[in-house]
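Structure first, then comments.
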Amino acid sequence: MTDTPADTATPSFRGDVTVELVKHTAADTDVLWAARVSTAGEQSLEELQKDPERSKGLINYLMRDRHGSPFEHNSMTFFISAPIFVFREFMRHRVGWSYNEESGRYRELQPVFYLPAQDRKLVQEGRPGKYVFVDGSPAQHKVVSDAMEDSYRRSYETYQEMLAAGIAREVARAVLPVGLFSSMYATCNARSLMHFLGLRTQHEQAKVPSFPQREIEMVGEKMEEEWARLMPLTHAAFNANGRIAP
């Protein structure tokens, strides 16, 4: 291998993810407004807020009986920074979602890589479809950290060598691993987010158990925190009705 270019960025490693709510038009009144037009026609915001208990009851009824369309009349856009393997799972969610991810064709990718934190369970026990993850030993954590760091450093050095040789970014990026951090904007509505959370988080109130990979669950938990703040009645009804998207 040739010498690494002098200006090569130093790889950095992280075990967390970034989720930021960058813009939104999302409130419980959006659900009420959409639902009540079918029986009462157009109503003002003041009218919708006059009877809080009635509003809470209506949202719970819609959730319980799976009248889903009123939960689509809102929007949330998140900035997310996470490993590429998380995004590959994320983009299986297509209905009600829009994505724009940073491009390795048009910019040089920075050497930020994923290393599992010390509390990340490492060992799978049991057969497929009926298994659990348990904590790894200190020795296993060391194996993971050493192997990942070495692999990441070598792949990024190769990437830099190819760029220095004049190879196009879209070709050179092929040597980079899925543990590389990427970033994207993801836009959804409450209904599509609920479907995502039902599959990608574990929760004691869920009627249908889910077994997500921990890294995408970390993203889901942070998104849910923001959504719960914006639409507390809808979030409460989601939990009360088994965390099943209407």
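The values are calculated or read from the model by the stated rules, or taken from the named source; none is laboratory data. Predicted model, so just to flag it, every value in this text is computed and none were measured. Note that we place each Cβ from the backbone using ideal geometry, even for glycine, and neighbour counts take in every protein chain shown.
Of the residues in segment 78-88, how many are under 9 Å from the mean Cα position of the chain (by Cα) and either in a helix (DSSP H, G or I) or surrounded by fewer than 17 Cβ atoms within 10 Å (Cβ to Cβ) (or both)? Adding up the residues that qualify gives 2.
Scan segment 146-198 for residues that are touching a Pro at 6+ places or on another chain (Cβ under 7 Å) and among the hydroxyl-bearing types (Ser, Thr, Tyr) and the total you get is 4. Could you give me the residue pairs with C-beta distances under 7 Å whose first residue belongs to segment 135-149 and is of a type in the set (Val, Ile, Thr), whose second residue is surrounded by 12 or more Cβ atoms within 10 Å (Cβ to Cβ) wherever it lies, and which are 6+ apart or on separate chains? Here the result reads 144/116; 144/122, each pair linking segment 135-149 to a residue that is surrounded by 12 or more Cβ atoms within 10 Å (Cβ to Cβ).
Residues in segment 201-218 include at least one that is polar (S, T, N, Q), in a loop (DSSP other than H, G, I, E, B) and under 30 Å from residue 153 (Cα atoms).
For segment 94-114, residues that are surrounded by 18 or more Cβ atoms within 10 Å (Cβ to Cβ) and either aromatic (Phe, Trp, Tyr) or in a loop (DSSP other than H, G, I, E, B) (or both) total 6.
With respect to residue 136, is the statement that it is surrounded by 15 or more Cβ atoms within 10 Å (Cβ to Cβ), modelled with pLDDT of 95 or more and either within 23 Å of the chain's Cα centre (by Cα) or over 30 Å from residue 72 (Cβ atoms) (or both) true? So residue 136 fails the test. A single entry from 234, 187 fulfils the requirement of being surrounded by 17 or more Cβ atoms within 10 Å (Cβ to Cβ), under 20 Å from the mean Cα position of the chain (by Cα), among the polar types (S, T, N, Q) and part of a helix (DSSP H, G or I): 234.
Of all the numbered requirements in (1) part of a helix (DSSP H, G or I); (2) among the polar types (S, T, N, Q); (3) more than 19 Å from residue 33 (Cβ to Cβ), residue 60 misses one, and that requirement is (3).
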